[in-house]
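This report refers to the structure that appears directly beneath it.
The values are calculated or read from the model by the stated rules, or taken from the named source; none is laboratory data. Computed from a prediction, not measured in an experiment: that's the story for all the values here. All Cβ positions, even for glycine, are placed from backbone atoms using ideal geometry, and neighbour counts span all protein chains on display.
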Amino acid sequence: MKILSIASQKGGTAKTSTSISLAAGLAKGHATENSKRKSPKVLLIDIDSQANASKVLVPDYLDFDKDDTIYRTILERQSLPIQKTTIPNLDIVLSHILLSNTDVELTTAKDHREARLHRELDKVQDLYDYILIDCPPALSWLTINAFTASDKVLVPVSPGYFELDSIVQISKTVQEVREFFNPELSLLGFLFVMSDPTINSRTSLQLLRQTYPAQVLKTIIPRNTDIRDAHFDKQDIFSYNATAKAALAYKKLIQEIFV
């Protein structure tokens, strides 16, 4: 696995927090610390029009215009504008609010609208060991572009009935993209996030494991205010507090899926 999409049909499922934490943790060497290998080179592609990952990892994000972002790749069919982040070994392709218009424009497009990201990513992927894509909280043409370019999809799932219900649709989308656009795509698994000691959380996790026994990852990400505080401070969780519960959990997740 080299290219991983982090996706959820619903908002508020720690999708972007997971994208930032995995990208930063890989760049900091949490997948290679028990070996003699150097820290990998990582690229994070922010394809969510909310641009939250971009705002956290690039403090001067507001100084960039749309032509410095993934907008130009998806809407104008130009090369990927890769930027540096504050973290060594981690680069980013920034997002832009105007991506919210993508579905309207791509619906009438006559070219390979699902492969615009894939086509440009092919040109740079040899420069990186890992590429992560933070998808929008919707099953849109942006998500289809991400899935078409990816090897696997990771789906964060938070506690709650409607959150579990949304898994059916995103699983169907993975199957459809595999059938029509990317036969190599597969589901990495479901990541239970925002876990806390409540009946709702315990019941949700139990239902998730009963329904998808082979697809739920072992690592559980706890609800932790350090994540929110880190992002408010424009830092990843490892830079903000490497001993926080969320940091330890994401480090464990990196060991589970990348080692």
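Below is a table of values for the structure above.
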quantity: Lone unmet requirement of (1) surrounded by fewer than 19 Cβ atoms within 10 Å (Cβ to Cβ); (2) in contact (Cβ under 8 Å) with a residue 40 or more places away in the chain; (3) under 26 Å from I257 (Cα atoms); (4) of a type outside the set (D, E, K, R) for P183; calculated: (2)
quantity: Listing of strands (runs of 3 or more DSSP E) fully contained in the range 31-102 that carry 3 or more residues being of a type outside the set (S, T, N, Q); calculated: 42-46, 90-93
quantity: Of all residues in the range 198-230 being among the basic types (K, R), within 21 Å of the chain's Cα centre (by Cα) and not in a loop (DSSP other than H, G, I, E, B), the one that is surrounded by the most Cβ atoms within 10 Å (Cβ to Cβ); calculated: R228
quantity: Options S79, S100, S54, S95; residue that is more than 20 Å from V153 (Cα to Cα), in contact (Cβ under 8 Å) with a residue 24 or more places away in the chain, touching a Phe, Trp or Tyr at 6+ places or on another chain (Cβ under 9 Å) and of a type outside the set (D, E); calculated: S54
quantity: Scope the range 4-24; condition crowded, with 24+ Cβ neighbours inside 10 Å, outside any loop (DSSP other than H, G, I, E, B) and among the hydrophobic types (A, V, I, L, M, F, W, C); matching residues; calculated: I6, I20, L22, A23, A24
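Conditions tested, residue by residue: (1) of a type outside the set (A, V, I, L, M); (2) farther than 24 Å from G29 by Cα; (3) at pLDDT 95 or above.
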site	(1), (2), (3)
T198	yes, yes, no
S201	yes, yes, no
S204	yes, yes, no
T219	yes, no, yes
I227	no, no, yes
D233	yes, no, yes
Y240	yes, no, yes
A246	no, no, yes
A249	no, no, yes
